[in-house]
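Every number here is computed from the coordinates shown, using simple stated rules; none is lab data. Remember, it's a predicted structure, so these values are computed and weren't measured experimentally. Positions of Cβ are generated from backbone atoms using ideal geometry, with glycine treated the same way; all protein chains shown enter the neighbour counts.
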């Protein structure tokens, strides 16, 4: 099961420290355009949503790449890019339903989240715990537990009102 | 930049067009002396390097020496000429450099014999035929372009050449070059062929006369062994181009892949690393395209003859406008050869590199995420699935 | 803007008007084989894939060209062809992994999409809106935004 | 004559396996334009009255429009199929989308006139000015989509456009689909039956020849504005006819179709929105009568649906229509 970064948009305050940490980790400069995780301001929803790679189990980008530049890293099972093989043809970007693959502005190869070799910097930098690194089955468990807590809080409030 | 060539950079691939008089001589050059000056490169032409001392970082010419801090060896390749009697005669040309092309361009006569049917040989034969010579081609193996095409497509190209008046003699070895000071003919193990000019292109070997014994580690194939950064086993020395051994991305085996685009990509990386960058060369995609009388043919990956018979599967599709030849190992695509619409060769490189089980991919419904390559396979889906059994 | 063409395979109906319009604009005659955009029809009819030059960052076609006729224009990032230099050897046609390069068998020259200098005809006349001319950099975020809305809106 | 005006029609006789290519005279084209117009003209002039529709002499007409294969909205690929309908004996007229019409033009033809009945199941392969009659026995009973893929396999041409008929339902059995592409299909199966009655399973076409445009940039500009189809057709074909002329051509075509039907014994009783095809008399709904009267009036036809003499004169249809093609 692939590890990936679980995003809880509710907690995200849009401080962008995740994006800055990410660009520094990979390119030694604080540059929002080089980030692999982009907290997007969603005007219609009125909230920030950090968007990054979902580390798919059957990645479409890996299948379509004409240079086999995208592969699954053995150790971290993250989907990573070999910079020297990538020719920047954007086929991966076209097929990714989340539009995650982005071409590095000045280096010309595709950049995406590679889980920083197992300990993502954005998760460590996020002051609001909006990001967490999880296995996909833990993620389901964690979501269910959160939903259960909310439900339990709700029922308590109703029973107080009723009594 | 030091070279024994008396000219700045010119394109070896386009010499055939120059010999055929399709393009003027200056179109062969890719750089002029001013380009080098503008780029701040000191160009030392016609200065063959006779000796090299890695310890003292020195290069020795016949009239001087040159000290270096960083060295990039790009000596390329030289024609393979076995000790056949009569190769010193006038009119015997081992086609490699622009000087050889000039000789062929100026040559007068009626009959020409081309020995060897690699891409250079075939294009030279077509060029001479284009200028009205009667051309015969002698090949030791059983098919033309033996390293690029398997028998079926090689025969298609052979018929096409013969239809345009080029006589092709397969399974024949050249024993001797006949004639006095000038070439008059070629004696093979079966016949004697009249020839005013002999174009000898049976293959290339890395040009390593510069190296003495043990100075640089050589790979099994005879090319200089380099790591992913094109660095040799000698500190501060990089190497690139035809003289280097590299890894074929499709089949994974290492060997000599003397192609124009490999040399250019490796050159860029070796140069950058010599200047301190950390670029890596991922390996070579050995796609070769050849124009046989304005019908293109291309090939990439392993030949059917190189796959073990047990696992080998082949799909050959003929149609009025071209042919497609897929080489598979069980259900993985290993090689593609095409005559006519050659874009299908490039399109399938991605799928070959993936090395995926085609049976699974083809059974899955087509989706917008399929690249163009899969479209080719879907169009021959029934035959492929039939092949897989 | 420093734009590229992006194709939406689901929207394309395979009507091939873009092939007709492109060839009329560039060659003054309606001749799809000489259009710079090609609609490849995958068997089973569902998938119609518009293919054209994606203007890669590290173009293979530039590497295989024996006469340096294919060069990257540094200012716009586009891969452009110098038609005089091109000798019609088709090395770029077979090297391109995405069917990006066409071939003009009449004049024996490669055919490359140069985005009609910023006003692509195929985009203008595509009724299904399957081809868009977008700016290279911000486009990914628009796509991410759409995905985010789908994934996370309450 | 300017290239764009040179239009050719291929007369294919499946019985005697003879193919003859004729040029379509400009005067005919100016009065009947392209696909549907010329098809009905050929039907009217080539077919003898009360010919049994199942007779091999019946025509199967496939005609590309005047703007097919040119930068025009989806009309670039439309194709018109005509012929005397087997069940009702009236003038069959059906146009289908896809890219078939354009491909026919790129193959160098504008009209295919198919007569006679082939001795064995065949399909037509039209490729760059050549027409081949090929064996279709192996897939005679296949459905229309399967036939298209099979023909693409045989010819190894992914871009070949195939017009194919579905499974035949017995000698004069249930209607089958007639289809030019995966999506573009018409259940108007009567023409499918006509095709099958000629032992013809499919017509496949692949063309890579250029189609000339009179002045390309004007054509593109009109296509962009898309307000004035007349000026677009003038820019593409070079026939600069005024909107009124083109309207009159339209009237001429529809009136000629009605003349053909009358010649085949059509009467007002048959005229009804649905009965028109299947000679089953509907109970006249109260709305239909006034609508029908208005329809006839607009066309300059009398209350029985027969064209008035002055209308025929205005449209040039009063005299004997001699064969130009």
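Points worth noting:
- Residues listed by number, the stretch A:52-71, amide nitrogen under 19 Å from residue A:135 label point at 7 Å toward C-beta: A:54-58
- The packing ranking, built from the mean of other Cβ atoms within 10 Å per residue, places the peptides B:271-279, B:96-104 in the order B:96-104, B:271-279, highest first.
- Value of relative contact order over the stretch B:116-174, rounded to a whole percent, pairs C-alpha under 8 Å and six or more apart: 42 percent
- Taking C:112, C:11, C:38 in turn, the Gaussian network model of chain C (Cα-Cα springs below 10 Å) assigns the largest fluctuation to C:11.
- Look at the stretch C:5-16: the mean tally of other chain Cβ atoms within 10 Å of its residues' Cβ atoms is 4.
- Largest GNM mean-square fluctuation among B:24, B:119, B:206, using chain B with Cα springs under 10 Å: B:24.
- Spin-label pair residue A:162/residue D:304, simplified geometry with 7 Å Cα→Cβ offset, distance in nm: 8.5 nm
- Calculated log₁₀ intensity ratio I(q)/I(0) where the Debye formula runs over C-alpha points of the stretch B:18-82, q = 0.17, 0.27, 0.28, 0.29 Å⁻¹: -0.91, -1.20, -1.22, -1.23
- Relative contact order of chain A, pairs being alpha-carbon contacts under 8 Å that are 6 or more residues apart, as %: 28 percent
- Residues B:321, A:41 arranged by fewest to most Cβ contacts within 10 Å: A:41, B:321
- The modelled label-to-label distance between residue B:50 and residue B:173, using points 7 Å beyond Cα along the C-beta direction, is 3.7 nm.
- DSSP finds beta bridges in the stretch D:3-206, and of those with both partners inside it, around 75 percent are antiparallel.
- Convex hull volume per residue in cubic angstrom - Cα atoms of chain D: 138 Å³
- Per-pair calculated FRET efficiency, R0 = 30 Å: residue B:155 and residue B:102 via Cβ, rounded to 0.05: 0.30
- Taken over chain B, the convex hull of the Cα atoms encloses 170 Å³ per residue.
- Convex hull (Cα only) mean projected area of the stretch B:6-132, reported in nm² to one decimal: 10.3 nm²
- Rel. contact order, % - alpha carbon contacts under 8 angstrom, at least six apart, chain D: 19 percent
- The Rg/Rh ratio for chain C, using Cα coordinates for both the radius of gyration and the Kirkwood hydrodynamic radius, is 0.99.
- For the stretch D:1-143, Kirkwood radius (reciprocal of mean inverse C-alpha pair distance, Å): 15.7 Å
- Sites residue D:288 and residue D:141, calculated FRET efficiency, Cβ-Cβ separation with R0 35 Å, nearest 0.05: 0.30
- Most mobile listed residue (A:54, A:121, A:149) in chain A, GNM with C-alpha springs under 10 Å: A:149
- Percent of C-alpha pairs per 10 Å bin, the stretch B:111-182, short to long: 21, 53, 23, 3, 0
- Counting Cβ atoms of other protein chains within 10 Å of each Cβ in B:373-386 and taking the mean gives 4.
- Separation of the residue D:119 and residue B:253 label points, Cα + 7 Å toward Cβ, nm: 5.7 nm
- Residue exposure sequence - A:86, A:15 - by fewest surrounding Cβ within 10 Å: A:15, A:86
- Between the stretch C:27-71 and the stretch A:25-81, the alpha-carbon center distance in angstrom: 28 Å
- Segment residue B:60-residue B:41, length gained on full extension (0.36 nm per residue, minus Cα span): 4.9 nm
- Taking the average, over residues, of other Cβ atoms within 10 Å as the packing measure, peptides B:78-86, D:190-198, D:24-32 rank D:190-198, D:24-32, B:78-86 from highest down.
- Cα centroid of the stretch A:97-153 to Cα centroid of the stretch B:232-285, whole Å: 38 Å
- The sum of -39500 (n - 2.57) across all DSSP H runs of n ≥ 4, divided by the residue count of chain D, sets its helix-only mean residue ellipticity at 222 nm to -10000 deg cm²/dmol.
- Averaged over peptide C:58-71, the number of partner chain Cβ atoms lying within 10 Å of each residue's Cβ comes to 6.
- Hypothetical label at residue D:13: residues of the stretch D:111-131 whose amide nitrogen lies under 15 Å (7 Å Cα-Cβ projection): D:113-119
- In terms of surrounding Cβ atoms within a 10 Å radius of their Cβ, B:251, D:164 rank from fewest to most as B:251, D:164.
- Here the sum of -39500 (n - 2.57) over DSSP H runs of 4 or more residues, divided by the residues of chain B, equals -7000 deg cm²/dmol at 222 nm, to the nearest 500.
- Computed over the protein assembly as shown, the percent of Cα pairs more than 40 Å apart is 55.
- D by Stokes-Einstein for chain A, Kirkwood Rh over Cα pairs, 4 °C, 1.567 mPa s: 76 µm²/s.
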